[in-house]
1. Answer yes if at least one residue in the stretch 625-638 is on the phi > 0 side of the Ramachandran plot and out of contact with any helix residue (DSSP H, G or I) (no Cβ under 8 Å at 6 or more places or on another chain), and no otherwise.
2. Kindly indicate whether any position in the stretch 509-516 is of a type outside the set (A, V, I, L, M), assigned to a loop (DSSP other than H, G, I, E, B) and open to solvent by 40 Å² or more (accessible area, probe 1.4 Å).
3. Among helices (runs of 4 or more DSSP H) lying entirely in the stretch 317-426, which contain 3 or more residues that are charged (D, E, K, R)?
4. Considering 427, 499, which residue is open to solvent by 10 Å² or more (accessible area, probe 1.4 Å) and under 23 Å from the mean Cα position of the chain (by Cα)?
5. Where the second residue is outside any helix (DSSP H, G or I) and of a type in the set (Phe, Trp, Tyr) and the first is under 21 Å from residue 646 (Cα atoms) and lies in the stretch 612-627, which pairs have Cβ atoms under 8 Å and are six or more apart or on separate chains?
6. Specify the residue that is nearest to residue 251 (Cα to Cα); the eligible residues are those in the stretch 153-166 that are surrounded by 14 or more Cβ atoms within 10 Å (Cβ to Cβ) and in contact with an Asp or Glu (Cβ under 9 Å, 6 or more places away or on another chain).
7. Return the only residue of 540, 496, 535, 582 being farther than 23 Å from residue 346 by Cβ and free of Cβ contacts under 8 Å to residues at least 24 places away in the same chain.
8. Within the stretch 42-54, can you find the residues that are part of a helix (DSSP H, G or I) and either closer than 14 Å to residue 323 by Cα or out of contact with any helix residue (DSSP H, G or I) (no Cβ under 6 Å at 6 or more places or on another chain) (or both)?
Amino acid sequence: MNPLVKRFLSHLPFFKTTNGLRDSSWMERIKAPSYQKWFIGVGLAIILTLLISPTLRLPIREYNVGDIATKEIKSNQDLLVEDERSTQEKRIEAEKSALLVYDYDPAVLGDAEHRIRSTFESLSHSFGKVERGIDQNAMRKKEWESSLHIPLNQREWSILLRERFNPSVAEAVLTLIAPILRKGVASDKNLLDPDSDKGLVIRNIQTREERRVLPPFTFLDLREAKNRLRAQADPLSSRFGREKATIILKIAEALLKPNLTFNKNETEERKARERERVNPVYFRVKRGEVILRVGDRVQEEHLFKIKAIKRAQERAHIISLLIGLGLLTFLLLVSLYEFSIKNIRKIVLSQKDLLLFSATLIGIISLLKLFQLLTDALGGEFLSIPSSSFLYLFPVAAGSMLIRIVINSEVAIVFTILSSYFSATLMGNQLFFFIFAFVGSLVGAHKVAQCEQRSILIKAGLTVGAVNTLMIFSYYLISGIPFKMVLLADLSMGFLAGMVASVLVLGITPIVESVFGYTTDIKLLELANMENPILKDLILQAPGTYHHSIIVGSLVEAAAKSIAANPLLARVSAYYHDIGKLKKPLYFIENSGGMENRHDHLTPTMSSLILISHVKDGLEMARETGLGQRIAHIIQQHHGTSLISYFYEKAKGNPETERVDENDFRYPGPKPQTKEAGIVMLADAVEAASRTLSDPTPARIRGLVQRITNSIFLDGQLEECELTLKDLQKIEESFSRILTALFHQRIDYPASPTSGPLKMKDDEDLDSKQAKTYPLRLKKNKKGGPKDIERVGAS
């Protein structure tokens, strides 16, 4: 750790330590497998969240009404879209419901009354005042004009002077205009808004009282008011005379002014309030609903929906969306992982397995995201194929096929569930795409279960393609339009997806084997080649071990087939299970070639250590030569924790030995963890014991196989693998059948009369020797000889 960082952390309470012990323990805790698995899980959840989030997508192209759509647009979520046209229509109707506001000003009448009365009274009293040197008439005229602003001709002025401005004239004027002004006078009724047909609101600007009036309106405009005044000419003439009546009408018309005015601001405010009370009109867009199809003409309704999708993509709550998606993704991964490792026996994932699992899942979803972006960028069609059809071309099954080849079927099922779920989420939460990806991936994983030849991958791809086409066709049948124009394109893309998946797995598998150190069935085929350097070394340095391994390989292959285990893994592991004997080949009886037994000069404890060491040496050689973990595990487990009984008994019988610990004479283990490891253990012991049979009849072979199997079973060596009693019975039958075939009887050919009784052809002689002496040549019973060591499992 950087010294500066270490100094900073040392001041924190969590990191305060004595002599750096806490710091080192913290670093060791980070390196623990459990912590590393959590880091991988959290990292996987974060990356998947970013990939499936709606933020990583191409923007939707701008369209105008009348444009032709160049690609399909779907809604990836439920949306409420505002119908702007309907909303606007409702708001216009609401505005129309707001009545026009007219202000009624009662001060117009009051001002007229005050001015005319005060003027007539003042002028009338002026006749009682006589002031010399002042032109009284001029003063009166000046006051008249300043107060009433009503121009009079000389004749009209003379009549008023003659009448001495009789107040009755003023009262007659007020009698004419007061009723009209009280009803209200507008400037011009023709200027009323057409919406006034619904009525008006007349508001007294002094008292703020309002009243609603409906057509026909009782108020008059200025023209109507003046006409009504003129209609009073005859009654006035009969009362005051024609001359005075004319003056009264003239003064009344001059004082008659509009007292109803349209209040535009108040009217607009009331319309705005009515408009705001209107709730927007929405219509629902379902998730997965097609907004525009390729070739459709864009309508205004389409633009509303597209605008809503864009707004959903540009929402301000993207942080909360990411947090929610991340939490959901993390819970899904954790719950599925915890359930799998605790309830599915074969799911035991190391950090390397989790890393490959995560990398493959991220790779599949990332490629699908990129593929989706590319199809969007291509537009409506590419090579005359709709862009929507290209989504079926994506090889989503490749991930499950790879996981099945590299790890096992149980993990492949979990991977299939996750990849199908995230793929469907990425495609807009489409249920059909989940089913499409799930079934295709499951079929692909099943078809590569025994991938012993590369051609199996191609056949698996063909099968996946065929299943894809059936699923697509069934989807069209369910939709009720089975023979659409795009059906052929969709079916073609679905079939090609299977082929692309097989080719992709075919190319990636060697890379995964190299980078992660896995041993797939394809690599097992390469290791089964007898030209492998390790097997060549066995032939030259340990021929007996080589011969033993080949026979064990034949035994385990037949047994694995009988119980549906992996016969290829079992056979290849049998070839390499004893490679540790290359370190000390002459200490193992099958390689001694009849020479002196080297264990005669060793203590039982030392001999047991040498025998045990071949497991450790074999494990180191497997790692150095890159045989892979599966073979390495079987090398490590093929003796389990079994007891080297010969040397244990020999040590117990030695009087010089004070105390003998049985654990010193047991292999370190672990016990077989898989069916293949258990089969190799059984075949190894059975093949070694079968060499001691003096008369290998089928019955004796069957009895030997049963005895060895029961001994190993009762010792508890098979309790951690998945072999059942039914499996053991099938394994015994397979072993008995193969060993019976190996120890078959041969006819002893008579000697040729011309060559003497002992002269035979070289090949017949060799064949006869093998048939008669092979089981007996190794059955020497000298002290510490081959027979004893073979019986204790020294092979």
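The values are calculated or read from the model by the stated rules, or taken from the named source; none is laboratory data. Predicted model only: the values in this text are computed from it and were never measured. All Cβ positions, glycine included, derive from the backbone under ideal geometry; neighbour counts span all protein chains shown. Heads up: the accessible areas ignore ligands, DNA and RNA and are worked out on the full protein's heavy atoms, side chains in. Shrake-Rupley method; radii C 1.70, N 1.55, O 1.52, S 1.80 Å.
1. Taking the stretch 625-638 as the starting set, the residues that turn out to be on the phi > 0 side of the Ramachandran plot are 626, 628.
Still in the list and also out of contact with any helix residue (DSSP H, G or I) (no Cβ under 8 Å at 6 or more places or on another chain): 626.
Yes: the stretch 625-638 contains one or more residues that are on the phi > 0 side of the Ramachandran plot and out of contact with any helix residue (DSSP H, G or I) (no Cβ under 8 Å at 6 or more places or on another chain).
2. So far as the stretch 509-516 goes, no, none of its residues is of a type outside the set (A, V, I, L, M), assigned to a loop (DSSP other than H, G, I, E, B) and open to solvent by 40 Å² or more (accessible area, probe 1.4 Å).
3. On the way: elements: 318-343, 351-378, 387-390, 397-406, 409-426.
So the answer is 351-378.
4. That would be 427, the only listed residue that is open to solvent by 10 Å² or more (accessible area, probe 1.4 Å) and under 23 Å from the mean Cα position of the chain (by Cα).
5. Close Cβ pairs satisfying both conditions: 612/667; 614/588; 615/667.
6. Looking at residues that are surrounded by 14 or more Cβ atoms within 10 Å (Cβ to Cβ) and in contact with an Asp or Glu (Cβ under 9 Å, 6 or more places away or on another chain), I get 156.
7. Of 540, 496, 535, 582, the one residue that is farther than 23 Å from residue 346 by Cβ and free of Cβ contacts under 8 Å to residues at least 24 places away in the same chain is 540.
8. 42, 43, 45, 46, 47, 48, 49, 50, 51, 52
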